[in-house]
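Step one of this worksheet: look at the structure below.
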Amino acid sequence: MTTNQITDISGFFTLRNGVKMPYLGLGVYLSKDGQEVTNAVHWALEAGYRHIDTAAIYRNEKGVGEGIKTSNVSRKDIFVVNKVWNSDQGYEKTLKAFDKSLKQLQLDYIDLYLVHWPVTGQYKDTWRALEELYRQKKVRAIGVSNFLKHQLEDLMESATIIPMVNQMEFHPYLVQQELIDFCQQHQIQYEAWSPLMQGKVFDLPELQLLANKYNKCIAQIVLRYNLQKGIACIPKSSKRKRIISNADIFDFELSEADTTYLDDMDRNHRFGPNPDNFEWSYVL
Ligand code: NDP
């Protein structure tokens, strides 16, 4: 993957197959289906976002699709991400789940399709289905989510296409630098979920000090940190002001020392499940 400069919202990271993935996207987990998520998509596109991250399990694909369809932005300019849920894993089930998601979204292709979690005993078959969807050009890129190094290595043993993206929990309390380095070595674009610690970054006084120093807010510091590390991110908000503010991160640059400072806040602390002992039947 190659990194262009982090200068404006239209910037992107380039995946191994040449597809451009806008480095800042809108997350929609817990945005309600219907008007709430449709509005969020509209506001994000108006603010210049060109990347929307949803999943079948968020149960808001219809509203997301409506937002895309009724926006003023052309479909081809929007990078749409979706994920196959755990109970749909396996070769045939994944193909079916993909078709269902396309219908819900009212789209005829997805930009990036991800294996949501590494369901033991199934993720290899699921991956074969993603490879097939890629060959059929129903998806422009394929990747995984929540895969630790050993799960990536195991998958890569039999895969004919190496995942192009790994979407992981990432924030100052969970850096997993070894995994980031491993992904970089294999040209697997790293992407952060819960970059704002599901709202908990706002409780950290050391981040407030950093925000004061740059005359920015805590969310902006943390999101800029993601992009400067070469990590794509998808902060979630369903509020117009916050969606706009979360994208106001292109008029400053964190010093190397401050990036290191944020790295050093790492506590290996997860707010989400651990991919090694996740309850597969758990429904979000
Ligand atoms: P985030 O870290 O993005 O935090 C979202 C929370 O922060 C919401 O409560 C939001 O509230 C609040 N918030 C956002 N911006 C601001 C702001 N500027 N000021 C104050 N509060 C703010 O958490 P998510 O867990 O949602 O992660 C982001 C996205 O990652 C998800 O939406 C989803 O798309 C993806 N994801 C993927 C997972 C995976 O397994 N692959 C797992 C979890 C998430 P409000 O909406 O009220 O503004």
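The values are calculated or read from the model by the stated rules, or taken from the named source; none is laboratory data. Note that the structure is predicted; figures quoted are calculated from it, not measured. Neighbour counts run over all protein chains shown; Cβ positions are idealised from the backbone, glycine included. The area values use the complete protein model at the heavy-atom level, side chains included, leaving out ligands, DNA and RNA. Shrake-Rupley method; radii C 1.70, N 1.55, O 1.52, S 1.80 Å.
Taking Thr120, is it open to solvent by 50 Å² or more (accessible area, probe 1.4 Å) and either at pLDDT 95 or above or not in a helix (DSSP H, G or I) (or both)? So Thr120 passes the test.
Which condition from (1) over 27 Å from Ile244 (Cα atoms); (2) more than 12 Å from the ligand (Cβ to nearest atom) is the one that Trp117 breaks? Checking Trp117 against (1) over 27 Å from Ile244 (Cα atoms); (2) more than 12 Å from the ligand (Cβ to nearest atom), the one that fails is (2).
The sole residue among Asn212, Asn268, Asn277 that is at pLDDT below 95, open to solvent by 70 Å² or more (accessible area, probe 1.4 Å) and either assigned to a loop (DSSP other than H, G, I, E, B) or over 22 Å from Ala55 (Cα atoms) (or both) is Asn277. Tell me which of these Gln106 doesn't satisfy, since it passes every other one: (1) crowded, with 22+ Cβ neighbours inside 10 Å; (2) more than 17 Å from the chain's Cα centre (by Cα); (3) under 24 Å from Lys20 (Cα atoms); (4) not acidic (Asp, Glu). Unmet for Gln106, out of (1) crowded, with 22+ Cβ neighbours inside 10 Å; (2) more than 17 Å from the chain's Cα centre (by Cα); (3) under 24 Å from Lys20 (Cα atoms); (4) not acidic (Asp, Glu): (1). For Leu95, the criteria (1) open to solvent by less than 50 Å² (accessible area, probe 1.4 Å); (2) farther than 26 Å from Asn274 by Cα; (3) among the hydrophobic types (A, V, I, L, M, F, W, C); (4) in contact (Cβ under 8 Å) with a residue 60 or more places away in the chain hold in every case but one, which is (4).
Against the conditions (1) open to solvent by 10 Å² or more (accessible area, probe 1.4 Å); (2) within 8 Å of the ligand (Cβ to nearest atom); (3) within 14 Å of the chain's Cα centre (by Cα); (4) not charged (D, E, K, R), where does Phe202 fall short? Just the number, please. With (1) open to solvent by 10 Å² or more (accessible area, probe 1.4 Å); (2) within 8 Å of the ligand (Cβ to nearest atom); (3) within 14 Å of the chain's Cα centre (by Cα); (4) not charged (D, E, K, R) applied to Phe202, the lone miss is (3).
For region 215-224, indicate whether the set of residues that are touching a residue at least 60 places away in the same chain (Cβ under 8 Å) and either within 10 Å of the ligand (Cβ to nearest atom) or within 26 Å of Asn39 (Cα to Cα) (or both) is non-empty. Yes, region 215-224 has at least one match. The set of residues in region 69-92 being open to solvent by less than 10 Å² (accessible area, probe 1.4 Å) and not polar (S, T, N, Q) consists of Ile78, Phe79, Val80, Val81, Lys83, Val84. A count restricted to region 226-245 and to residues that are under 15 Å from the mean Cα position of the chain (by Cα) and either near the ligand (Cβ under 10 Å from one of its atoms) or in a helix (DSSP H, G or I) (or both) stands at 7. Applying the set (1) more than 15 Å from the ligand (Cβ to nearest atom); (2) without any contact (Cβ under 8 Å) to a residue 24 or more places away in the chain to Gln187 leaves exactly one unmet item: (2). For region 246-265, taking the residues that are open to solvent by 80 Å² or more (accessible area, probe 1.4 Å) and among the acidic types (Asp, Glu), the one that is farthest from the ligand (Cβ to nearest atom) is identified as Glu256. Restricting attention to region 242-257, the residues that are without any contact (Cβ under 8 Å) to a residue 24 or more places away in the chain and hydrophobic (A, V, I, L, M, F, W, C) total 1. Quick check on region 13-58: of everything there that is charged (D, E, K, R) and under 15 Å from the mean Cα position of the chain (by Cα), which residue is farthest from the ligand (Cβ to nearest atom)? Step by step, filter region 13-58, then rank; the result is Lys20.
Answer yes or no as to whether Glu169 is surrounded by fewer than 19 Cβ atoms within 10 Å (Cβ to Cβ) and either of a type in the set (D, E, K, R) or modelled with pLDDT of 95 or more (or both). So Glu169 does not fit the description; no.
All of (1) in contact with a His (Cβ under 6 Å, 6 or more places away or on another chain); (2) farther than 12 Å from Leu26 by Cβ hold for Thr126 with one exception: (1).
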